[in-house]
1. Check residue A:88 against each of (1) more than 24 Å from residue A:107 (Cα to Cα); (2) at pLDDT 95 or above; (3) not aromatic (Phe, Trp, Tyr) and name the one condition it does not meet.
2. Taking only pairs six or more apart or across chains, which ones have beta-carbon atoms under 6 Å, a first residue in segment B:77-94 that is among the small types (Gly, Ala, Ser), and a second residue that is surrounded by 17 or more Cβ atoms within 10 Å (Cβ to Cβ)?
3. Take the residues in segment B:74-92 that are open to solvent by less than 40 Å² (accessible area, probe 1.4 Å) and more than 9 Å from chain A (Cβ to nearest Cβ); name whichever of them is farthest from residue A:114 (Cα to Cα).
4. Among the residues that make up segment B:169-176, is at least one of them within 29 Å of residue B:237 (Cα to Cα) and touching a helix residue (DSSP H, G or I) at 6+ places or on another chain (Cβ under 6 Å)?
5. Looking at segment B:93-113, which of its residues are of a type in the set (Val, Ile, Thr) and open to solvent by less than 40 Å² (accessible area, probe 1.4 Å)?
6. Taking segment B:163-186 only, how many residues are open to solvent by 10 Å² or more (accessible area, probe 1.4 Å), in a loop (DSSP other than H, G, I, E, B) and more than 13 Å from residue B:124 (Cβ to Cβ)?
7. Limited to segment B:41-73, what total is found for residues that are more than 9 Å from chain A (Cβ to nearest Cβ) and closer than 25 Å to residue B:210 by Cα?
8. Would you please name the residue that is surrounded by the fewest Cβ atoms within 10 Å (Cβ to Cβ), looking only at residues in segment A:117-156 that are at the interface with another protein chain (Cβ under 9 Å from one of its Cβ atoms) and in a helix (DSSP H, G or I)?
Amino acid sequence: MTAFRNLIYDFEEFGLIIRDLLSGIKTIRDSWDETLTEMYLIGSKALPLVLLGGLFSGVILAIETGHQLKIFGATSLISRTVSLGMVRELGPVVTGLLLAARTGAKNSSEIGAMKLSDQIDALTAFGFNPVHKLVLPRTVAALIMFLPLTLIADITGIFGGMLIAYQTFQIELAWFWDTAVNALKMKDLFVGFAKPFFFGFFISTISCYFGLRTKGGTTGLGKNTINAVVYSSIVILILDFIFTKIVWEVL
Amino acid sequence: MVELKNISLSFGEKLILENVSFTIENNLTTVIVGPSGAGKSSILKIIAGLWRPDSGEIFFNGKDIFKMCESEYQTMRKKIGIVFQSNALFDSLSVTENILYFLPERKSLTDHELKEISERLLNFVNMDGTGDLYPEELSGGMKKRIAIARALAFNPKLILFDEPTTGLDPLNSASIIELIEKLKESGTTSVVVSHILNDVVELGEQIIVINDGSIVESGRIEKLITSEDPFVNKFFYRLIKHDRIMKSSYNMYELVNV
C-alpha cells in the first residue's frame, strides 16, 4: 500500500514539473544561452556515440536479415529491410537509449549535485523557478537535438547495412541506396521523425525529475542517476511499443 | 520588518517547530541560537520562502506573505537575500558570474555596468581581483564572502545568514562578523542562525534561543546570562562563568582599591 501511495506521489510530483515546464515556456528567451550550451553538449558530445550506435545497428540488421533472406533467395530485400528497420525502429530507439544513458545521466547527476549543495534552494530563495531555469533549457535542447541525431543514426545505419550488403551479399551499392530510399513512405518518415520528439521530452524531464528529488548524499545521487537512466530507457521502450501499435493499427 | 506568528512545522510525525513567534526589527541584528537540530535553519528556510509552515502567519512590513498575490510575493522575495551554510555558489560559474547571476536587470545592463557592479560588490567584501576565479579555487572564508556579495547584488533589505562562521578559522570568522556589522551600517537588517557563542556575543542585538522547535528565551545577551531557564543556563554556561569571573575580578579590584 505504501509503495502504491509513493508511486502516486511520484506521478504527482512529475506532473507538477511538467506543469511548471509548460507554464514557463515564455521564459525560454531568458535562458537561451543555457539552451545553446545544452544543445552543444547533447549534439556534439553525443555525435560519436550516435554515429557508432547507428552504424553497428545497420550492420547487424543487414547481417542477420541478409542470412535469413538468402535462404529464400531474397537478398534483394535487404536494402528495404535495413532502411525501414533503421528509420522506423532502430534509429530512434538506439539513439533514444544512448541519449537516455548519456544525457539522462548528465542531467540527473548535475541537477542532483546542485540539489545536494543547496544551489536549487538558492535559485528558489532568490525568486527563480528551478524548473524554468534548469529543466526548460535542457528539455528544449533535447527537443531540438534529438531529431538531427536520430537522422544521423538512420543514415549511418543504412550506410553500414549497404557496406555489409555489398561485401557479404554482393549487392550493388547504388542499387542498394536507391531501393533503400524508395522503400520509405511518408508514414515511415512520420513515425521515424515523431519518435525523437517524444523520446527527447521524456528523457529530459524524467532525468531532471530524478535530479531535483535527490537526497541522501553521494549514495542518493548515484541511486537517482541510475534510476534516471533506467526509467528513461523503460519509457522509451514503452513509447516505442505504443507508436508501433498505433502505426500498424490506426494509420 | 518581519513578524512570525505561531509558526508550526512538522515532517510526518516529527515536530520541527511549535508555535514560534518573534519579530525581526528593522536595522537590528537578530541571532537565532540553539543546539544542532533545534529548528534554527528551518525558521530561516521559512522566512526565505523555501518551506511553507503547517500553520501560522508571516508578516513582511505588515503584510501577510501567504495572502500576497504572485507579483507582490516576488517583489517581497527580492528584498530578502540569503547566505547558505554551504554557500550554494554555482561551481560551473566564475565569481563574477555567480555575483551577477541573480541580478534582475542583468539582461538590460551593458558589460561595463555589470563589471562595475561586480567590482563594487567584490570591493565591499574585500575580495578585489577575484572575479575570474571559480568557487573551487577559493578557501572557505572566501566562498562565504562571495556568497555574501551575491546576496547583496540586488540590494536586499534583509539578509539571512545560515551558520556564517561554522567551519571557519578565527580570523575568517572575525572577517565575516565584520562584514555583517558593515552591512548594518549600510542599512541592511541581518538574521543570523548560529550555534557559536562568539557570534551571539559579537552580533546579537536581539537573541532568540531555540530548543526542540520552541523559543525558550529571547532578548539581549545581558538578559540571557541571568536567565533562570535551565536550558539557557546550560547553553550559555561558558559565558555565564566568564561573566562571573569578570564580575568577581571587578569586585576584587574595587576591594583592593578601596
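1. (2)
2. The qualifying pairs are B:81/B:151; B:81/B:156; B:81/B:159; B:86/A:117; B:86/A:118; B:88/A:118; B:88/A:119; B:88/A:122.
3. In this case the residue turns out to be B:76.
4. To start, the set of residues in segment B:169-176 that are within 29 Å of residue B:237 (Cα to Cα) comprises B:169-176.
The next check asks that each one be touching a helix residue (DSSP H, G or I) at 6+ places or on another chain (Cβ under 6 Å); those that pass are B:172, B:176.
Yes - at least one qualifying residue is present in segment B:169-176.
5. In the first step, residues of segment B:93-113 are kept if they are of a type in the set (Val, Ile, Thr); the result is B:95-96, B:99, B:110.
Once the filter is applied, which keeps residues that are of a type in the set (Val, Ile, Thr) and open to solvent by less than 40 Å² (accessible area, probe 1.4 Å), segment B:93-113 yields B:95, B:96, B:99.
6. 5
7. Residues in segment B:41-73 being more than 9 Å from chain A (Cβ to nearest Cβ) and closer than 25 Å to residue B:210 by Cα: 21 in total.
8. A:124
The values are calculated or read from the model by the stated rules, or taken from the named source; none is laboratory data. Note that the structure is a prediction, hence the values are computed from the model and not measured. Cβ sites come from the backbone with ideal geometry, for glycine too, and all protein chains shown count toward neighbours. Note: accessible area is taken over every heavy atom of the protein model, side chains too, but ligands, DNA and RNA are not part of it. Shrake-Rupley method; radii C 1.70, N 1.55, O 1.52, S 1.80 Å.
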